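The values are calculated or read from the model by the stated rules, or taken from the named source; none is laboratory data. From a predicted model like this one, the values you see are computed outputs, not experimental measurements. Every residue, glycine among them, receives a Cβ derived from its backbone with ideal geometry; neighbour counts consider all protein chains shown. Note: areas computed on protein heavy atoms with side chains; ligands, DNA, RNA excluded. Shrake-Rupley method; radii C 1.70, N 1.55, O 1.52, S 1.80 Å.
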Amino acid sequence: MDSNPTCNDNDKKITVQHSMLLCCKLYISESRNKEALDSIERAAKHDPETVIVNKFEDQEYNRVRYTLVSYVAHDSIGCPIYSPLHQSVMAMAEAAYEAINLELHSGAHPRLGVVDDVVFHPLGRASMDEASWLAKAVAADIGNRFQVPVYLYAAAHPTGKALDTIRRELGYYRPNFMGNQWAGWTHPEILSERPNEGPNTVTRARGIAMIGARPWVATYNIPILSTDVTVARRIAFMVSARGGGLPTVQTLGLVHGEDTTEIACMLLEPNQIGADRVQNHVQMLAEEEGLDVEKGYFTDFSPEMIVERYMKLISSGSA
């Protein structure tokens, strides 16, 4: 898909020295099958110019997130034309689809697909236009090559539609097993909402994919020492912007192990509403319920740390 129709395809002079960085967070519905993860990670290493700067896996959620970084190159008039991230993400998606069957998947975290979410963030001097360009290119390839319905969101969507809005329309937030787990594919095989790319029918083994581009989002999880997921969901709702809590904060209350639940938070404007404020708000609400809360944790590095790790790994040749 060409989001820059004014670019001259005959004038593609890649100038890596003037390139900027893009970050991709790739969420895959698996963390218990080491063989599958090894296959996905081998696929990522085919291009040494793409670096996995972080990996976050959670056995209870049965979900893994890879944080990838590479450059974006431009033609002579400044249009983005190439990023190693494109083929790296495609290779990892192919490995994931070959190794994972969504029908056999279960976990405490919601999901709609094997390749559940792919989001691109600009880093350094890169712009949202470049992140959006790559998101749309990857979406077109995943939709066409793997015959997976793809929904675009945020800056990659024609009207900027939000991720949580699309997920809500697709039933993402409703557990379908034991009231607190997600298992198999229980949604209709013919989609009521037309995807942006790929077919209108769902393969139960692969599900659908969400692909977007947006400014940096911090992910912060707060453990609650209680097994009552109903209470965790109530606290999560009251913390979220949707529940009248903190602006630019989205939350999920999830089961996490045998003796805890967890408030999984997305901080859409982490420089305005940060982790400390979210932590304090959760603690206040938990105390009202007579519950103890542990110190939360970020699931990824900051953008500055990610760039630093990328530069270090590239320069050492150990990417």
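Looking at region 250-270, which of its residues are over 20 Å from the mean Cα position of the chain (by Cα), part of a loop (DSSP other than H, G, I, E, B) and at pLDDT 95 or above?
Answer for region 250-270, where residues must be over 20 Å from the mean Cα position of the chain (by Cα), part of a loop (DSSP other than H, G, I, E, B) and at pLDDT 95 or above: just THR260.
Hey, among the residues in region 103-162 that are over 12 Å from the mean Cα position of the chain (by Cα) and of a type in the set (Phe, Trp, Tyr), which one's surrounded by the most Cβ atoms within 10 Å (Cβ to Cβ)?
Looking at the filtered set, the residue picked out is TYR151.
For the structure I just gave you, tell me whether GLN181 is in contact (Cβ under 8 Å) with a residue 24 or more places away in the chain and at positive phi. Walk me through how you get there before you give the answer.
Numbers: in contact (Cβ under 8 Å) with a residue 24 or more places away in the chain: yes; at positive phi: no.
Against the criterion (in contact (Cβ under 8 Å) with a residue 24 or more places away in the chain and at positive phi), GLN181 does not qualify.
If you check GLU189, GLU262, which single one turns out to be in contact with a His (Cβ under 6 Å, 6 or more places away or on another chain) and over 22 Å from ALA154 (Cβ atoms)?
Answer to the check: GLU262.
Is there any pair linking a residue in region 300-315 that is in contact (Cβ under 8 Å) with a residue 12 or more places away in the chain to one that is charged (D, E, K, R) and open to solvent by 50 Å² or more (accessible area, probe 1.4 Å), with Cβ under 9 Å and at least six apart or on different chains, and which?
PHE301/GLU308; PHE301/ARG309; ILE314/GLU49
Which residues, taken from region 271-286, are assigned to a helix (DSSP H, G or I), farther than 12 Å from THR219 by Cβ, open to solvent by less than 40 Å² (accessible area, probe 1.4 Å) and aliphatic (A, V, I, L, M)? Even if it seems obvious, please write down each step before you answer.
Narrowing region 271-286 to residues assigned to a helix (DSSP H, G or I): 275-286.
Applying the additional criterion that residues be farther than 12 Å from THR219 by Cβ yields 276-277, 279-286.
Applying the additional criterion that residues be open to solvent by less than 40 Å² (accessible area, probe 1.4 Å) yields 279, 282, 285-286.
Result: VAL282, LEU285, ALA286.
Kindly indicate which of THR159, THR165 is farther than 15 Å from GLY113 by Cβ, modelled with pLDDT of 95 or more and part of a loop (DSSP other than H, G, I, E, B).
Values: THR165 fails: part of a loop (DSSP other than H, G, I, E, B).
Testing whether each residue is farther than 15 Å from GLY113 by Cβ, modelled with pLDDT of 95 or more and part of a loop (DSSP other than H, G, I, E, B) leaves just THR159.
I want to confirm something. Restricting to region 271-316 and keeping residues that are small (Gly, Ala, Ser) and either in contact with a Pro (Cβ under 6 Å, 6 or more places away or on another chain) or at pLDDT 95 or above (or both), which single residue is farthest from PRO122 (Cα to Cα)?
The qualifying residue farthest from PRO122 (Cα to Cα) is GLY290.
Quick check on region 186-217: of everything there that is in contact with a helix residue (DSSP H, G or I) (Cβ under 7 Å, 6 or more places away or on another chain) and not in a loop (DSSP other than H, G, I, E, B), which residue is surrounded by the fewest Cβ atoms within 10 Å (Cβ to Cβ)?
GLU197
Restricting the search to region 40-53, which residues are touching a helix residue (DSSP H, G or I) at 6+ places or on another chain (Cβ under 7 Å) and under 30 Å from TYR173 (Cβ atoms)?
Passing the criteria: ILE40, ALA44, ILE52, VAL53.
Tell me, which strands (runs of 3 or more DSSP E) lie completely within region 19-79 with 1 or more residues that are surrounded by fewer than 22 Cβ atoms within 10 Å (Cβ to Cβ) and polar (S, T, N, Q)?
In region 19-79, the matching strands (runs of 3 or more DSSP E) lie at 51-58, 63-74.
Can you tell me which residues in region 239-249 are surrounded by fewer than 19 Cβ atoms within 10 Å (Cβ to Cβ) and either part of a helix (DSSP H, G or I) or of a type outside the set (Lys, Arg) (or both)?
Within region 239-249, ALA241, GLY243, GLY244, PRO247, THR248 meet the criteria.
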